[in-house]
Amino acid sequence: MRYISTRGEAPALGFEDVLLTGLAPDGGLYVPESLPHFSLEEIRSWRGLPYTELAFNIMYPFVEEAIPEADFRQMLDETYGVFTHKAVAPLVQLDTNEWVMELFRGPTLAFKDFALQLLGRLLDYVLGKRKEHAVIMGATSGDTGSAAIEGCRRCEHVDIFILHPYERVSEVQRRQMTTVQGDNIHNIAVRGNFDDCQRMVKESFGDQSFLGGKARLAAVNSINWARIMAQIVYYFHASLALGGPDRSMAFSVPTGNFGDIFAGYLAKKMGLPVSQLVIATNRNDILHRFMSGNKYEQHQLEHTLSPSMDIMVSSNFERLLFDLHGRDGLAVKQLLENAAKGPVSIEDYRWKRVRKLFDSAAVDDKTTCNTIREVYEQNQYLLDPHTAIGVHAARACRRDIQVPMITLGTAHPAKFPDAIVESGLTVKPELPAHMADLFEREEHYTVLDNDRADVQAFIAKHWKNT
Ligand SMILES: *Cc1c(COP(=O)(O)O)cnc(C)c1O
């Protein structure tokens, strides 16, 4: 499998290089040159398979030149073996033909574990084979940092440095990052905001000379193709559990960077019958505004009760734009360069195509809280605020009552207790047993000034330079 850039000016790469590279040198994102396609008969034959075997069938075509079958199977067993539910991604019924797929049974209680537990293992495997070392540098406002740290804690060939804004992440989120022990794990609290952290990471990727040429910088944000790949699997898993592929499914996906829902779009292109994909956003609704009025325009960032979806631009949307423009990289490049300067639109016939592929809704904090309360009162089931946005959007956009509607449950409610309080419920979501002592564990992090040179010097000094 070869991978090409969405901006058309970078050389095609194999899986290993795409895994290690992150952003393409022309500024684009990598996508597979062509997708594997599975027949209904083949998909049907996967009914009843354990999650890891399904994952193998769906992902192996993407990695086969890089990793022998047995090694990849072992990686998948280890990755999904640490999840705390035997079904890995269990489905919970909310109403007639309406479901939540719980994607928060991994070690850090958010769906990002599905991809980042695997990504850490893939990186370590490929680096070990090449006898190379990588330094992961990432910025986080919450969920990505802890999932990435957890995914890399056992890696021998990776040092990970996660930047978070000092005193601006929730205590649960901070502790999930800073209480993981390991001499390759480094938490940096930057005296600045999330944008400052992200800018430092971006600038460091642009000029890696501070590493002295002895290690490469690797990315763990959702521009990394391997993350998207791992997220395709659970769409098939849900469908097979509810009578697919002999009936079509609808999915509602709480969306920020468009990674998770893009994986759903790919599942459909790979042969899974999907009749509806709902983009569910919070007040940071650039995607919903685009879907409603063909205007792609950055607004000011709003802080909401669903912080993991607080974004101004949606980086993975570029991968969809590439398909919408007939895979013309130069057209995408032009469009995104213009988008950086002001609002842009696409040709009407292309916009009509995208409207056929997706529905969308933007959900404010008040409606999010109302949904949490309603679902709890009717089902005694607690939704986290991100999932609640998905459930509301699912109900608002649903087209056919006979098609199962599955909302992706992206986080455990105990991760976001503020929203539960705000919704007026007195029930307190409990952390699962493996995290019950989170508030007693010892924390490790270093506070640094909002200064790129300081942060880079810290990284240069602390990575295992052997
Ligand atoms: C990251 C995240 C999202 C958004 O996912 P994208 O792939 O960026 O669209 C939604 N919910 C939670 C809990 C998350 O951590």
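Taken together, the values in this text are just the output of simple stated rules run on the coordinates, not laboratory data. All values reported here derive from a predicted model rather than from experimental measurement. Ideal geometry is used to build each Cβ from the backbone, glycine not excepted, and the neighbour counts take in all protein chains shown.
What's the ranking of 255-264, 215-224, 188-197 by average number of surrounding C-beta atoms within 10 Å, highest first? Can you show the working numbers first?
Working: 255-264: 25.6, 215-224: 22.1, 188-197: 19.1.
Ranking the peptides 255-264, 215-224, 188-197 by packing returns 255-264, 215-224, 188-197.
Enumerate the lysines that Lys464 could reach by cross-link, defined here as Cα to Cα under 24 Å, with residues fewer than 8 away along the same chain left out.
Straight-distance partners of Lys464: Lys129, Lys131, Lys202, Lys214.
Only helical DSSP H runs with n ≥ 4 go in: add -39500 (n - 2.57) per run for the chain, normalise by residue count and round the 222 nm mean residue ellipticity to 500 deg cm²/dmol. Could the numbers behind the result be given before it?
Working: 18 runs with 200 residues, N = 466.
After summing the helix terms and dividing by the residues of the chain, the value is -13000 deg cm²/dmol.
If you filter the stretch 424-466 for GluC sites (Glu not before Pro), then keep DSSP loop positions with at most 16 other Cβ within 10 Å, what is left? Working shown, then result.
Values: sites: Glu430, Glu440, Glu442, Glu443; in loops: Glu430, Glu442, Glu443.
When the GluC sites (Glu not before Pro) of the stretch 424-466 are filtered for loop state and at most 16 Cβ neighbours within 10 Å, Glu430, Glu442, Glu443 remain.
Ranked highest first by average number of other Cβ atoms within 10 Å, how do 61-71, 346-356, 170-180 line up? Walk me through the numbers on the way to the answer.
Working: 61-71: 15.2, 346-356: 12.9, 170-180: 19.9.
Listed from highest to lowest mean packing, they are 170-180, 61-71, 346-356.
R0 = 35 Å: FRET efficiency of Gln402 with Tyr349, Cβ-based, nearest 0.05?
Working: r = 30 Å, r/R0 = 0.87.
In this case the efficiency is close to 0.70.
Taking the highest mean first, how do the peptides 286-292, 88-94, 205-211, 11-17 order by number of other beta carbon atoms within 10 angstrom per residue? Provide the component values of the computation, followed by the final result.
Details: 286-292: 20.4, 88-94: 17.3, 205-211: 13.3, 11-17: 15.7.
Output ranking for 286-292, 88-94, 205-211, 11-17: 286-292, 88-94, 11-17, 205-211.
Full extension from Arg2 to Arg327: what is 0.36 nm times the residue separation minus their Cα-Cα distance, to one decimal in nm?
On the way: separation 325, 0.36 × 325 = 117.00 nm, distance 1.46 nm.
Value of the extension gain: 115.5 nm.
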